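Everything below concerns the one structure shown next.
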Amino acid sequence: MHKILFVCLGNICRSPLAEGIMLDLKQKHNLNIQIDSAGTSSFHIGEAPDPRTIKNAKKNGVDLSQLVARQFVESDFDEFDFIFAMDQSNLTNIADLMNNKINKAQIALLTDLLHDNSAQKVPDPYYGTAQDFEAVFQLVLRCCEILTERIKNKRPLIHQKSF
Ligand code: 4NP
């Protein structure tokens, strides 16, 4: 069984969206995986996802209303097999917590899953418009669908570790 963690800054916009979409795909495809999400910051610990993220996901048939934000902790490096970050600054924040330890987790950007290099990050929609939230949904969905195919076909989930 794969244990997968999605990471962003606040754990209220992008990573809970990835968690919710992946939980949906897990059910639809009967995937043997465990999924969670976390933020590198402490800004929103204990909060529900951002209302704009919840609303946009609901419009697309994904329920995020039960998710609660938590902060990334050092034990996540050993608890999870795969850690997918949303952007380069999330990766930098994760690297700062690593302390040169050997981790179980393989770490990469979520957008590394795209075959076509069409996006290098999942952009932060926090200060954006409703359109930005929809664009983030579609991008995260595309990445999660590729992740699902890789899991179903028993292919490597991460080709190139970020560090
Ligand atoms: P997220 O978005 O990292 O996708 O959850 C953000 C949420 C909150 C903040 C920044 C980004 N903030 O500065 O509070």
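The values are calculated or read from the model by the stated rules, or taken from the named source; none is laboratory data. None of these values were measured; they are calculated from a predicted model. A quick note on method: Cβ atoms are made from the backbone with ideal geometry, for glycine too, and the neighbour counts reach across all protein chains shown. Surface accessibility is based on the protein's heavy atoms, side chains included, excluding ligands, DNA and RNA. Shrake-Rupley method; radii C 1.70, N 1.55, O 1.52, S 1.80 Å.
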Could you please report the charge total around GLN71, scoring K, R as +1 and D, E as -1 over all other residues with beta-carbon less than 13 angstrom from its beta-carbon? -3
Simple Cβ-charge dipole of region 2-152, Lys/Arg +1 and Asp/Glu -1, about Cα centre, in debye nearest 20: 340 debye
Log10 I(q)/I(0) at q = 0.10, 0.11, 0.16, 0.18 Å⁻¹ for the chain, from Debye over equal alpha-carbon scatterers, is -0.31, -0.38, -0.85, -1.11
Label-point separation, LYS104 to LYS59 (7 Å along Cα→Cβ), nm: 3.9 nm
Rounded to the nearest 500 deg cm²/dmol, what is the calculated helix-only ellipticity per residue at 222 nm for the chain, with -39500 (n - 2.57) per DSSP H run of length n ≥ 4? -12000 deg cm²/dmol
Contour minus Cα-Cα distance for TYR127 and LYS152 (0.36 nm per residue): 5.4 nm
Past 30 Å, Cα to Cα: identify those pairs from LYS28/LYS55; LYS28/LYS59; LYS26/LYS161; LYS58/LYS121, in the order given. none
Under 15 Å between alpha carbons, and skipping anything fewer than 8 positions from LYS3 in its own chain: which aspartates and glutamates qualify? GLU19, ASP36, ASP76, ASP78, GLU79, ASP81
Mean separation of Cα contacts under 8 Å (at least 6 apart) over the residue count of region 2-152, i.e. the relative contact order in percent, is 28 percent
Take SER75 and LEU114, extend 7 Å from each Cα along the Cα→Cβ direction, and tell me the distance between the two endpoints in nm. 3.6 nm
Could you compute how much accessible surface GLU47 exposes when probed at 1.4 Å, giving the result in Å² to the nearest 10? 80 Å²
Apportionment of accessible area to carbon and sulfur, region 22-163, percent (1.4 Å): 49 percent
Under a GNM of the chain (C-alpha, springs under 10 Å), which listed residue has the highest mean-square fluctuation: VAL68, VAL136, VAL122? VAL68
